[in-house]
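Q: Have a look at the structure that comes next, please.
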Amino acid sequence: MDKERQISLIIKLFSYRVLSTLVAFGGLLLFFAFFTPRHLFVSSRNLELLSKLAPDLGIVALGVGLLMICGEFDLSISSILPFCSYVFVLLLKGGVNLIFIPFITIATGALLGFLNGVLTVKGGIPSFIATLGTMMFWRGVLYVFSKMSPIAIRLYLKSDSFFVHIFTGKLAGIIPVQIVWFIGIGIFLGILLHFHRFGNWVYATGDNKEAARAMGINTDMVKIICFIIVGILCAFVAMIQIIRVGSFSSRVGQGWELKAVAASVVGGTSLMGGIGSMVGIFCGTFIIIVIENALTMLRISYSWTYVVFGLVIISSVLVNFYMEKRRLRYGSKVSEESSSG
């Protein structure tokens, strides 16, 4: 009996992919804390910087990870984000009331996400190809209309306004509000994914779409909603980023589609769908950001960050594959012993 309990405990441990992510995250923090010059990595200034920058990629990665669990990809986030930034700037310059600008910007992101979902689900185009096409299309439209020129917004938005404090202020004068938004959105999506029936639909759709349909789940609707969530989060981050920086750039967000996928994979999300967690994606994002930040402090060429990212992604996939293999092995062992007993 004790042996069976021991094996069941091992199976349970191997089923939690997030454990490897948490161990890796903790190890990186300790390593960089000791080996960066003058321990600058754990300085208050750098921690504040990470709290401001990590949510930009992190919030988008949460949506991308949710979509990956559903069995789809969205490569267009690197175009949706600057496109929504441009819409935000146009509304601001046009004198639209600040109360309505966030809603219109978020509605724009939701619409672009909805179009990606419809193309994928109703058009029958693989999401990788569909969103690659929309990424090129929206980036081209943005380049044509913006003429790739930077646009300052400080003339149209007062730095001490309540609107600015909502997106880029500080709580109690210490904690950047961006990290609060990141944690809050992570908790909300975590509850939605792990404790709500919609989350069950997401996992079922990503694991086996046909079986999910047989259970009465509207898999098309589930996928479209996940695409819309990604679009909304891109629009939200677009507002946070442009208010913090104070200007618009048509090149913002380039390469984020790969970083968001990397953060999800490092966090234990399966590329095949049906497996993943919000805690894992949250930690995976910080692993990507921490590596990028620490390598800069170590004065290592930025080009090496891609080498490190590649190694981290491959290692994460191998570890997750190993854990899944061990879980299945122990599971089959338990079933054999119970049947023979």
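A short reminder: the numbers here are calculations on the coordinates, not readings from a lab. Predicted, not measured: the structure shown is a model, and the values here were computed from it. A quick note on method: Cβ atoms are made from the backbone with ideal geometry, for glycine too, and the neighbour counts reach across all protein chains shown.
Q: Trypsin sites (Lys or Arg not before Pro) within segment 88-160: which are DSSP loop residues with at most 12 other Cβ atoms inside 10 Å? Please list the in-between numbers first.
A: Values: sites: Lys93, Lys122, Arg139, Lys147, Arg154, Lys158; in loops: Lys122, Lys147, Arg154, Lys158.
When the trypsin sites (Lys or Arg not before Pro) of segment 88-160 are filtered for loop state and at most 12 Cβ neighbours within 10 Å, Lys122, Lys147, Arg154, Lys158 remain.
Q: Over 21 Å between Cα atoms, which of Lys52/Lys93; Lys209/Lys259; Lys158/Lys259; Lys93/Lys147; Lys93/Lys158; Lys170/Lys259 qualify?
A: Details: Lys52/Lys93 26 Å; Lys209/Lys259 27 Å; Lys158/Lys259 32 Å; Lys93/Lys147 16 Å; Lys93/Lys158 13 Å; Lys170/Lys259 27 Å.
Going by Cα-Cα distance, Lys52/Lys93; Lys209/Lys259; Lys158/Lys259; Lys170/Lys259 fall outside the 21 Å limit.
Q: DSSP loop chymotrypsin sites (Phe, Trp or Tyr not before Pro) in segment 19-127 with at most 15 other Cβ atoms within 10 Å of their Cβ, which ones? Write down the numbers at each step before the final one.
A: Working: sites: Phe25, Phe31, Phe32, Phe34, Phe35, Phe41, Phe73, Phe83, Tyr86, Phe88, Phe100, Phe103, Phe114; in loops: Phe73, Phe100.
Filter output for segment 19-127: Phe100.
Q: Hey, got a sec? Which trypsin sites (Lys or Arg not before Pro) in segment 32-83 land in a DSSP loop and have at most 13 other Cβ atoms within 10 Å?
A: Details: sites: Arg38, Arg45, Lys52; in loops: none.
Qualifying residues, ordered by number: none.
Q: Compactness ratio of segment 40-140: Cα Rg over 2.2 N^0.38 Å, N = residue count?
A: Numbers: Rg = 16.4 Å, N = 101, 2.2 N^0.38 = 12.7 Å.
Normalised Rg, Cα atoms only: 1.29.
Q: Related question: Explain nothing, just compute: Karplus ³J(HN,Hα) = 6.51 cos²θ - 1.76 cosθ + 1.60, θ = phi - 60°, for every residue of segment 23-38 in order, whole Hz, x for Gly and Pro.
A: Here the 3J(HN,Hα) series is 5, 5, 4, x, x, 5, 4, 5, 4, 6, 5, 8, 9, 6, x, 6 Hz.
Q: Next question. Can you classify segment 161-271 as rounded, prolate or oblate using the Cα gyration tensor, where a ≥ b ≥ c are the square roots of its eigenvalues, rounded means a/c under 1.5, and otherwise it's prolate if a/b beats b/c and oblate if not? Write down the numbers at each step before the final one.
A: Values: a/c = 2.46, a/b = 1.93, b/c = 1.28.
Taking the square roots of the gyration eigenvalues as a ≥ b ≥ c, segment 161-271 is prolate.
Q: For segment 227-252 and segment 65-122, compute the distance between their C-alpha centroids and round to whole Å.
A: 9 Å
Q: Something else now. Rg/Rh for the chain to two decimals, with Rh computed the Kirkwood way over all alpha-carbon pairs.
A: So for the chain, dividing Rg by the Kirkwood Rh gives 1.01.
Q: Follow-up question, since we're still on this one. Sequence-distant or interchain residues sharing an amide H contact under 5 Å with Phe248, placed H: which?
A: Ile151, Ala152, Ile153
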